[in-house]
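A short worksheet on the structure shown next.
The values are calculated or read from the model by the stated rules, or taken from the named source; none is laboratory data. Fair warning: this is a prediction, and the values are worked out from it, not measured in the lab. Cβ atoms come from the backbone with ideal geometry, glycine included; neighbour counts cover every protein chain shown. These accessible areas exclude ligands, DNA and RNA; they are computed on the full protein's heavy atoms, side chains included. Shrake-Rupley method; radii C 1.70, N 1.55, O 1.52, S 1.80 Å.
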Amino acid sequence: MPYPFEPYKIKVLGPIKTLSKAERLKALREARYNLFKIPSEKITVDLLTDSGTSALSQEQWSQIMLGDETYASSKSWERFEVAVKNFTGKKEVIPVHQGRAAEKIIAEVLLEKNDAAFSNSFFDTTRANFEHRGATCFDIPTEKSADLSKPKLFKGDIDAKKLKKLLSRYGKRAKFVLMTLTNNTGGGQPASLKNTELAGNIAAKKGLKFIIDACRIAENAYFIWLYEQKRKGNIKSIIRKLFSLSDVAFMSTKKDGLANSGGFIVTNDRSLAAKLRELTVLYEGFVTYGGMTGREMETIARGLEEVVSPTYLEHRIGQIVYLHNELAKIDIPLIHPPGGHAVYVDAGKLFAHIPQNEFPGQALAAALYQEGGIRSVEIGSLMLGKTPKSELVRLAVPRRTYTRPHFDYVVDVFKKIAANKKQYKGFKITWQPSTLRHFTCKLKPVN
Ligand code: F0G
């Protein structure tokens, strides 16, 4: 597939600096080989995350000027609430400052110690918030996803058979089923509408809540439109359909909200909404802002309209496909097919000379910075804190931010690394916190 035509003109610039290799090595040492700690001005192409890194449209910038910064019941809240209702089809909207705040509030209302929750895959903060309540979380991705290199459709599905078995086994301890759309931990792969419906029905039969983590629901809906609906219908109605399957949904608007912050919880259940609101006031702010400024709510309200555009989504997914295909052409082992927001490199395979306990994913992430100032993120034993099935490096693409030469540059850096891969060594942890260690841990290279 050729590089997709950019459906926008660039109007505001942010500078990119390229450091020398010696400067990059110094920056790596100073950051104790933790890429989260590298100052952004020392990064050439930042593929750490697609979260909160989107470029805003001129319409979003102009809405920002209309931000109403009144404490309660502002005009911006009204616009935000209407936009979220329109996007989701749900009646109750609870604002939060970002996705994990929603997770924390949902966990406190719906989970107790020893409860169990089930998902196609929980994102790391979702899992951490639920486990913090003393619950046990089960990732049950479809068997299709086990072979990383096989390009099967809808590898973000949940394994329905296993789900049924686990729900029977856990009986009263089982509290809810959650679908992450798209499945970030499992390669940004979408779940099909059929599978999401099935998961919802299985939960309903057991009298359990069905929750959707909707942060990339527009990208997921695009895949459904393309492969399941064969381009029939429209993306907005697929998004609405997905939301309609859920009892509760939450969204970090830092992703498909095309915004730099924010989030919300939605439901049609008024008494549940009242409980969620109580905690929102306690943790986030009044129920008409939830930790967001008026201008942020304006940005999101507009972003939720822009993200459903087929032109936008075609380009967005087209960029991921381009980077994916160019890397595949030079034999970089990847999760196939391309997902929604990122390209996932099988670092365990590329750096097979590094044992799993020496973090081959982190070694590749460090190599990408060392050779090209590229920042990526390890999704493997370092992030997950256990021995996962695969050691991945995620190249997450910020929305509307980079253009073709940036992707070609990334491919060139990979070429260089792959040609000389044995020179890269693994890592040891020298310090780590008790939870979510990848954000702040310190590392050193193994000699
Ligand atoms: N759910 C999913 C699937 C996510 O990817 C994220 C964040 C969250 C929830 C939490 O949202 O950051 O607003 O608190 N993902 C970012 C990432 C951090 O890089 O993938 P948040």
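Overview of results
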{"quantity": "Candidate set from region 406-446 (those that are touching a Leu at 6+ places or on another chain (Cβ under 8 Å) and within 16 Å of the ligand (Cβ to nearest atom)); member that is farthest from residue 329 (Cα to Cα)", "calculated": "437"}
{"quantity": "Matching residues in region 327-345 - criterion: being in a helix (DSSP H, G or I) and crowded, with 19+ Cβ neighbours inside 10 Å", "calculated": "327"}
{"quantity": "Of the criteria (1) within 15 Å of the ligand (Cβ to nearest atom); (2) at pLDDT 95 or above, which one residue 159 fails", "calculated": "(1)"}
{"quantity": "Scope region 369-388; condition under 15 Å from residue 348 (Cα atoms), hydrophobic (A, V, I, L, M, F, W, C) and more than 14 Å from the ligand (Cβ to nearest atom); matching residues", "calculated": "382"}
{"quantity": "Which listed residue is more than 20 Å from the chain's Cα centre (by Cα), β-branched (Val, Ile, Thr) and part of a helix (DSSP H, G or I), from 280, 288", "calculated": "280"}
{"quantity": "Top-ranked residue in region 413-447 [being among the aliphatic types (A, V, I, L, M) and assigned to a helix (DSSP H, G or I); ranked as most open to solvent (accessible area, probe 1.4 Å)]", "calculated": "419"}
{"quantity": "Identity of the residue in region 112-124, of a type in the set (A, V, I, L, M, F, W, C) and within 16 Å of the ligand (Cβ to nearest atom), that ends up most open to solvent (accessible area, probe 1.4 Å)", "calculated": "123"}
{"quantity": "Residue in region 317-339 that is within 19 Å of residue 122 (Cα to Cα) and either within 16 Å of the ligand (Cβ to nearest atom) or not assigned by TED's automatic domain parsing to the domain that holds residue 226 (or both) present", "calculated": "yes"}
{"quantity": "Residue match in region 350-370 (condition: under 18 Å from the mean Cα position of the chain (by Cα), more than 26 Å from residue 20 (Cα to Cα) and not small (Gly, Ala, Ser))", "calculated": "no"}
{"quantity": "Residue, least open to solvent (accessible area, probe 1.4 Å), within region 372-405, restricted to residues that are in a helix (DSSP H, G or I) and in contact with a Leu (Cβ under 9 Å, 6 or more places away or on another chain)", "calculated": "382"}
